[in-house]
Structure formats: C-alpha cells, structure tokens
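In what follows, a single structure is set out as structure tokens and then discussed.
The values are calculated or read from the model by the stated rules, or taken from the named source; none is laboratory data. Bear in mind the structure is a predicted one, so any value in this text is a computation, not a measurement. All Cβ positions, glycine included, derive from the backbone under ideal geometry; neighbour counts span all protein chains shown. Ligands, DNA and RNA are stripped out before the accessible areas are found, and what is left, the full protein with its side chains, is counted by its heavy atoms. Shrake-Rupley method; radii C 1.70, N 1.55, O 1.52, S 1.80 Å.
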Amino acid sequence: ARDVFRDSYQERLLDAGLPTDERFGQTMMALAEDGNVRGYATFVDSRAAAYLYCPIHQGVVSYSYLGNRPEYERLSRGTVLLWLAIEDLFKEARHRMFDFTEGGDADRHSQKRLFSTSSVPCADIYFLRRNARNLFLVLSHTGVEWLSESIGDLLDRMGIKRRVKRWARRFRSSMDTDSASAAEAEADLTNEE
C-alpha cells in the first residue's frame, strides 16, 4: 500500500494518502489485533495497483483510505478492488454496513452509485460571523468551486477531460520531482559548506 500511495493522486494532489506516522501504525495494529480492520490490494503483474484500508467500528466498515496507481486507470483498478473487498466482507457475514463515507454526488462517484443500496444526506455546516471578510471568503470559495466545475464540465463535453487530468498529474509529478531535486541540491550545497 505504501508503494501505491506514493504514486497515487490521493497522496500527490490531495495529501490524503495512507498516513505514515507511528501513531496511525499503532492504531492500525490495535484494530487488527481485535479484528477491526481490513486491508485490500490488487496487483498487476506482481505490482500493487490499488489499495483500500477499512477500519471497523461497531459493525460498520468504513471506506477510509484508497490509493490507485494512475498508469492502471484503464483497468478500473479501484472499482475491481472495491468489488473484491465487498465480496470478501459479504462472505464474512458479520458486519452491519459498509460506509462509503461522505463526498460527492452519485454522478461523479460511480463506485458509490454502483455498489451502494442507499444513501444518507450529510453536510459540514459552518457558522460564521456576518462581516465583510467572511462574506468575501464565502463568495470567493463559491466562485472558485463554480469555475472549477464549469471548466471540468466544458472539458468533459469536449472529450478531453481525462487527457487534461493525466497531463496535470504528470506536470504535478514533474514539479514534485524538480522540487525534490532542488531540495537535494540545496542540501548538498549546505553539506559542502
């Protein structure tokens, strides 16, 4: 999972990959000792293609961390992994529910739509003081969200959204590599001094 998560867009673009800190590892081990965690991975030619980490609390299995290697996108690696995980959980026949967790609408999260039997509306609600600064922040956020969705919809209608996303991932990856190389060069210079 660690190899996949370093390459996944969840880690690179969202900083939402599988945590690497010691506390997370200890929590995972404690859950595993009590049988309250499941981990799944799919492989392509002996190379991990996707992982799914699911803690269990009071019979509810949570879809907590998912990572996919971008180069296997055409194989629907995340969908296949989720299918196999749900199949495995059904065989256990001991859990009350699989919680896909919050996020997105049915059209944009086809795995959730494909595998779920129902949904529960949820929301993050913020109470803000009524002032010019907060009004500006809320309207700016709304405008950026609208612009992002509009551009995504336009690229989708033009049939180039996937290519643009792949290009953006490669660009981001090259920027990360350049940043890492620059940091290494700077460290080498500092060590020479």
Practice problem: Hey, can you tell me all the residues within the stretch 59-91 that are within 20 Å of residue 29 (Cβ to Cβ) and not hydrophobic (A, V, I, L, M, F, W, C)? | Solution: 62, 64, 65, 67
Quiz item: From the set of residues in the stretch 117-153 that are of a type in the set (S, T, N, Q) and closer than 30 Å to residue 83 by Cα, which is surrounded by the most Cβ atoms within 10 Å (Cβ to Cβ)?
Solution: 119
Quiz prompt | Sole residue being open to solvent by 50 Å² or more (accessible area, probe 1.4 Å) and either in contact with a strand residue (DSSP E or B) (Cβ under 8 Å, 6 or more places away or on another chain) or at pLDDT below 85 (or both), chosen from 18, 84, 66 | solution = 84
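Would you be able to say whether some residue in the stretch 49-58 is at pLDDT below 80 and more than 20 Å from residue 89 (Cα to Cα)? Explain how you work it out, then say what you get.
Looking only at the stretch 49-58, we keep the residues that are at pLDDT below 80, and these are none.
No: the stretch 49-58 contains no residue that is at pLDDT below 80 and more than 20 Å from residue 89 (Cα to Cα).
Filtering the stretch 88-103 down to residues that are among the aliphatic types (A, V, I, L, M) and in contact with a strand residue (DSSP E or B) (Cβ under 9 Å, 6 or more places away or on another chain), which residue is most open to solvent (accessible area, probe 1.4 Å)? If you could, list the steps in order and put the result at the bottom.
In the first step, residues of the stretch 88-103 are kept if they are among the aliphatic types (A, V, I, L, M); the result is 89, 93, 97.
Then keep just the ones that are in contact with a strand residue (DSSP E or B) (Cβ under 9 Å, 6 or more places away or on another chain); that gives 89, 97.
Details: 89: 20, 97: 99 Å².
Residue satisfying both the conditions and the ranking: 97.
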Practice problem: Looking for whichever is surrounded by fewer than 18 Cβ atoms within 10 Å (Cβ to Cβ) and modelled with pLDDT of 85 or more here; the options are 23, 38. Which one fits? | Solution: 23
